[in-house]
Amino acid sequence: MRFTVIAIFIAAGASPLAAQPAAPVAVAPNAPSPDGQTVKMDALTVTAQQQQLNTIDRKIYNVGGEIAATTGSAADILQNIPSVEVDIDGNVSLRGDSSVQILIDGKSSALMGDTGRADVLSQLPADSIERIEVITNPSAEYKPDGSGGIINIVLKKKHTLGYSGSVRLTVGNDRRYGLSVGGNYHPKHYNLFGNYAVRQDDRVRLATDQRSFIDPVTGLPATTESRTTETSRPLFQLGQAGVDYDADPDNKLTEVVDFTYRTFLRIADEHDVAADNFGVVNTDYVRARSDPEREGNVQSRSTYEHDFGSPDETLTLDFRAEHHTETERNSYTNYYTTPVGPPTMEYIRVSTNEPGTEASAEYVDPMGKEARLELGFDRSDDPSHQNNLDLLSDPVTGILELNPLVTNSFYLDQTVTALYGTYREAWGNFAALAGIRVEAAEVFTNQITSQIVNDQRYDRLYPSLHLSYDLTSTQQLQLNYSHRVRRPDPDDLNPYPHYQDPYNLSAGNPYLKPAEVHSIEAGYQYKNADVTYLGTLFYRYTYNSFTQVSQYINATTLLTTQENLGDSTSGGLEFATTTSPFDHLIVNASGDIFYNRIDASNLGYSARASAYAWAGKLSADYAWSKVTHFQLDANYTAKRLTPQGVREPGFVANLGYKHDFKGRNLSLVLTVSDLFNSLKEETKLDSPGLVDDSVRRRSSRLFNAGLIYTFGTTKTKAKDDSLQFDNQL
């Protein structure tokens, strides 16, 4: 169990973490205006623009009143957004697809890279977020990366002259704490802004893995069992500093530097047992692990904006440079019970160095009251250099010696050059947004150690089309299409094996092709008084999709690698509703019902496999009085199909209580995360010659208590104080 005390202090004349420059509400040139019809969903507000075209391709969730918006994190906010799932590791998926592009203010960011974004989302204060935009079928103005779609996190901005700032402090048991400070100063022609956050956590993780398989050497059945207990104390730091300069009313310069830095020491004990068909144990030992890790990201972004004088006609030039580094230093010691023997040692160092640059230009021409033209250019260059060192102790001398089977150096360079254009126009109740994106991509890989070189070049057209029609003042229909892509990560392409433990190896595939997705959606929206209904039918066809395939390479070691599926199709119904069945109670419900069919015949499995699945979310908020309310959240994910098995259902429930004392200067917050201690992730494999059951979970449910105190005066009402729930492993 965990107990947390939270205190938040807001300076006089301040708004919570308004640490960004003064800017229009539409943060990026492609971000929509918040004007338009508002469909209220209690804590979430879906803004659907009917006559204007700037929300035709997305759903917008304003999170100012969201329960987790003050003391929680971005991950807490995303957990309650319809269509979005956050697993026990903090990884985000959209309609069950983990290939999601996450943007900050409409732009790509080093903070949201695939390797460390789960930690960033768990640290990013929720009270710095203005709204969440979910774009399941993005238009051509966006990069096509992310087969699941895009989640755009729009941060709060300070719109008026003056200053603002905030300080947030959290203290808990197990030596856990957090601190964040931020502010901005905007006298007139320039704006200085910055923030810094640090978080020290304590994590206990439990895992079990049970396997039955056919021994490839003897041809007889055999079993292995692994049980792991792991503790770590991650220290995470996040910071930003920047300046805006308005040279004149038509020209603006912005320079922003972001950084994240994470360090922690991972301590783990893994107990491994292997037995034959008669239950006779032939291997029994404990593998102790000590792993100090560090990871850092630094990003610089320079932006120039020019206004041509006519309304909304702009030119934006942007250049981004980033550098990501990561190092693991794993020290293992194996203690043998069966057969009896002296301890053996292994040292594995994994280092990654990833510099990257991106240059873009975008021109926007309103072309009248009901039309809008956007033209753009984008070029990105993302090299990656990985070095893996493995040393094994000599069984006689005990001296560490180089292991050539794992030690290797791998280099990747991916460049993408794109031109795009979109055109929007409205005719009465009908509106359309059409776009085309042309990309030339090159992926060069060099497995330096084994001298395997591969160079893939491909050109693609990525069209998009979005249509909407207003049936009445309360009802709207939408139809849209987009073409997306999922490109392999560096780890997916490096063919050298990486040891997770003695029973598990993972390796990349240098010939892995990008996965291509064609997506069609049809939507309906109804809003009348306090009742809201949102429904979407969707269909996706994917070819060359990625999947993990596991197979035994010796008597006990399972190799997992990435392969391209022949094809897969999925479709389903997505819905969300808000209602107030009686006074003081507001209920939000959302869910997905979908069908998935995969063809893995090219991998040697059954030609067709299919399954139905569903996921649901429920949030009930009861106001006992004007100053006291309770909240219950529940999320359920049904069984999911994989090429070799299934992912078992998952369920988590959270309970919260908040009381505002006299004058609303002091609030008491009590929460229970994972109320029934049910949060876990279980995956089962069932294929010829292999049956595997793997379960991962954290130690127990979490109990949190918070005190929130605000002081000073503000011209606008501060965001509602809120609860937080911790549902990450």
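Each reported figure results from applying straightforward, stated rules to the coordinates on display, with no laboratory input. What you see is a predicted model; the values in this text were computed from it and never measured. Here Cβ is always computed from backbone atoms with ideal geometry, including for glycine, and neighbour counts include all displayed protein chains.
Placing dummy labels 7 Å off each Cα toward the beta-carbon, the span from PHE430 to LEU317 is 4.1 nm.
For segment 197-295, the pair-distance distribution built from all alpha carbon pairs, in bins 10 Å wide starting at 0, is 12, 24, 18, 16, 12, 8, 6, 3, 0 percent. Volume per residue of the convex hull around the Cα atoms, evaluated for segment 334-449, comes out as 173 Å³. Taking Cα centre as origin and charging only the Cβ of basic (Lys, Arg, +1) and acidic (Asp, Glu, -1) residues, the dipole magnitude of segment 418-477 rounds to 20 debye.
Which residues does a label at THR263 reach in segment 320-346, if reach means a backbone N under 17 Å from a point 7 Å past the Cα toward the Cβ? Inside the label zone: 325-330. State the percent of C-alpha pairs, over all pairs in segment 273-408, separated by a distance greater than 23 angstrom. The answer is 63 percent, as a whole percent. Cα centroid distance between segment 404-472 and segment 288-340, in Å? Segment 404-472 and segment 288-340 have Cα centres spaced 21 Å from each other. Under 5 Å from the amide H of THR407 lie the amide H atoms of ASP390, each residue being 5 or more positions distant or on a separate chain, with H modelled from the backbone and absent for Pro and chain starts. Computed on segment 384-457, the Cα convex hull volume stands at 128 Å³ per residue. Maximal additional length on extending the GLN475-LEU405 stretch stands at 19.0 nm, based on 0.36 nm per residue less the C-alpha distance. Stretching the chain fully between ASN528 and VAL243 yields a gain of 98.2 nm (0.36 nm per residue, less the alpha carbon separation). Checking the Cα-Cα distances for LYS143/LYS617; LYS143/LYS639; LYS59/LYS658; LYS527/LYS617 against a 22 Å cut-off, the pairs over it are LYS143/LYS617; LYS143/LYS639; LYS59/LYS658.
Positive-end ranking of THR333, ALA361, LEU317 along the dipole of segment 312-373, with charges on Cβ about the Cα centre, is headed by THR333.
When the alpha carbon gyration tensor of segment 256-349 is reduced to an equivalent ellipsoid, the three semi-axes, largest first, read 56, 16, 8 Å.
Extension gain for the segment ASN251 to LEU618, taken as residue separation times 0.36 nm less the Cα-Cα distance, is 127.4 nm to one decimal.
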